[in-house]
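Following: one structure in C-alpha cells, then a few remarks.
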Amino acid sequence: MDRRLYASHSQKETILRSGYATLLALLLGLGLAALLVWLQGPDTIMELLISSGWALLAISLFRFLPLAMDSYAWNRLFPPAERRSFFSIFQARWIGESVNTLLPVAQIGGDVVRARLAKQASPLPATRPPQISAGASVVVDFLLGLLTQALFTLIGIACLALYLTRAEGSDLLPSLILIACAGLIGILLLYGLLRKGGLARIVPMAQKVFGADRFQSVADSAETLNQQVSTLLSQRKTITRASFWKLLAWLMRSLEIWIILSLMGSPVTLAEAIIIESLASAVRSAAFIVPGAVGVQEGGIIAIAALLGLPTETALAVALLRRGRELMTSLPGLIAWSLAERGALKDFFNDRKTKEAHPFD
C-alpha cells in the first residue's frame with residue numbers, strides 16, 4: 001500500500017510540474033505576442049487587419065481543403081474493407097487538429113482523440129479484429145506528417161536559397177540547410193526504428209518511469225500495435241500515396257499566406273508564400289511545449305518575413321489573422337468533439353469519481 005501511495009504521489013507531482021511548466025510557457029508566449037503588438041503600434045496593426053477585408057473568412061474556409069487532403073491520406077492507410085466514411089475520418093481529423101491547436105496537449109493530444117474517434121467509426125463488427133487498428137493508423141499518419149513536413153521545410157529552404165542568391169546571399173542559409181537535413185535524417189531514423197519493431201521498446205520505458213501497473217493494459221496490446229505499424233510501414237505503395245497527399249496538403253497551406261497578403265495589398269509569389277509557411281510551421285512544431293506556440297509563431301513569421309523584405313507590421317498582421325483563423329476553425333471543432341463524445345466524457349468523469357472514492361480497488 002505504501003508503494004502505491006508513493007507512486008500515486010510521485011505521478012501527481014509530475015503532472016503538477018508539467019502543468020506549471022505549460023502555464024509558464026503560455027504566459028511567456030502571451031507576453032511576447034503582446035510586446036510585438038505594442039512595439040508595432042496597436043493602431044497600425046488594426047488598420048492593416050481592417051484593410052485585409054474578407055481575408056479571415058477566406059482563409060478559414062480555405063483551411064478545410066488541406067484538412068480534407070490530410071483526411072484522405074489518413075483513410076488510405078486502412079485496408080479497403082476497414083476504411084471509414086470520408087465524413088467520419090474528416091471529422092476526426094478536424095477535431096484532432098482543433099484539440100492540438102487550442103488545448104495545452106503538446107500538439108499530440110489531438111492524435112489520441114482522433115484515434116478514439118476513428119475506432120468508434122470502424123465499419124467492422126465488434127467481434128472482428130481489424131487488420132490495422134485506429135491507433136496504428138494514427139502512429140503511421142503522425143510519422144508521415146513529420147516526414148512530409150521535413151520535406152516541405154526542405155522545399156521552403158530551397159526556395160529561400162534561390163531568393164537569397166538573387167539578393168546577394170546570406171550567412172543564415174548554410175545553418176538552415178544543416179538544420180533541415182538533420183531533421184530529415186532524424187525522421188528517417190525514426191521511420192526505420194518503427195519499421196523494425198522499435199515501438200515495442202517504448203512501453204517498457206514508460207512502465208519504468210510511471211509504474212508497471214498503470215501501463216499493463218498498454219503493454220498487453222503493444223506487441224500487436226507494433227506489428228501493425230511495422231506491417232503498414234512495409235506497404236510501399238500505400239505509404240507513398242499517403243505521403244503524396246500529405247505533402248500536397250502542406251503545399252496547399254502556403255496558399256493561405258498568399259491569400260492574406262494579396263488581400264492586404266502586399267502580394268507575394270507562391271515561392272515566397274512557401275518559404276513563410278514552411279519555416280513558420282517548423283518553428284511552431286519546435287515550440288510544442290508552448291500551447292498553440294503563442295508568441296513563438298508570431299515571432300517566427302516576423303523573422304521569416306524580414307528575410308523577404310516584408311514590413312514587420314505587415315508580418316504581424318498576417319500572424320494575427322492566422323490566429324483568428326485558428327479560432328474560427330478550431331472552436332467549432334471542440335464543440336463537435338463535445339457532441340461526438342458526450343458519452344465518453346461522461347464515462348471518464350464517472351470513472352474518475354469511482355477511483356477517487358476507492359483508490360485501492
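Identify all residues within the stretch 60-85 that are part of a helix (DSSP H, G or I) and out of contact with any helix residue (DSSP H, G or I) (no Cβ under 7 Å at 6 or more places or on another chain); write none if there are none. Outline the logic, then answer.
So the first thing to find is which residues in the stretch 60-85 are part of a helix (DSSP H, G or I), and the list is 60-62, 64-75, 80-82.
Listed by number, the residues that qualify are 61, 64, 80, 81, 82.
Test each condition in (1) assigned to a helix (DSSP H, G or I); (2) closer than 30 Å to residue 333 by Cα; (3) modelled with pLDDT of 85 or more for residue 154 and report the one that comes out false.
It fails just one condition, (2).
Of the numbered conditions (1) at pLDDT 85 or above; (2) in contact with a Gly (Cβ under 6 Å, 6 or more places away or on another chain); (3) surrounded by fewer than 20 Cβ atoms within 10 Å (Cβ to Cβ), residue 283 fails exactly one; give the number of that condition.
Going through the list (1) at pLDDT 85 or above; (2) in contact with a Gly (Cβ under 6 Å, 6 or more places away or on another chain); (3) surrounded by fewer than 20 Cβ atoms within 10 Å (Cβ to Cβ), residue 283 breaks only (1).
Could you pull out the residue among 101, 165 that is crowded, with 17+ Cβ neighbours inside 10 Å, in a helix (DSSP H, G or I), modelled with pLDDT under 85 and of a type in the set (S, T, N, Q)?
101
Considering only residues that are assigned to a helix (DSSP H, G or I), without any contact (Cβ under 8 Å) to a residue 40 or more places away in the chain and either among the polar types (S, T, N, Q) or over 30 Å from residue 129 (Cβ atoms) (or both), which ones fall in the stretch 228-272?
230, 240, 254, 258, 262, 270
Let's see how each residue does on (1) surrounded by fewer than 15 Cβ atoms within 10 Å (Cβ to Cβ); (2) closer than 16 Å to residue 84 by Cα:
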residue: 109; (1), (2): yes, no
residue: 114; (1), (2): no, yes
residue: 117; (1), (2): no, yes
residue: 122; (1), (2): no, yes
residue: 133; (1), (2): no, yes
residue: 139; (1), (2): no, no
residue: 143; (1), (2): no, no
residue: 150; (1), (2): no, no
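The values are calculated or read from the model by the stated rules, or taken from the named source; none is laboratory data. Remember, predicted model here, so these are calculated numbers, not experimental data. Don't worry about glycine lacking a Cβ; one is built from the backbone with ideal geometry, like all the others, and counts go over all protein chains shown.
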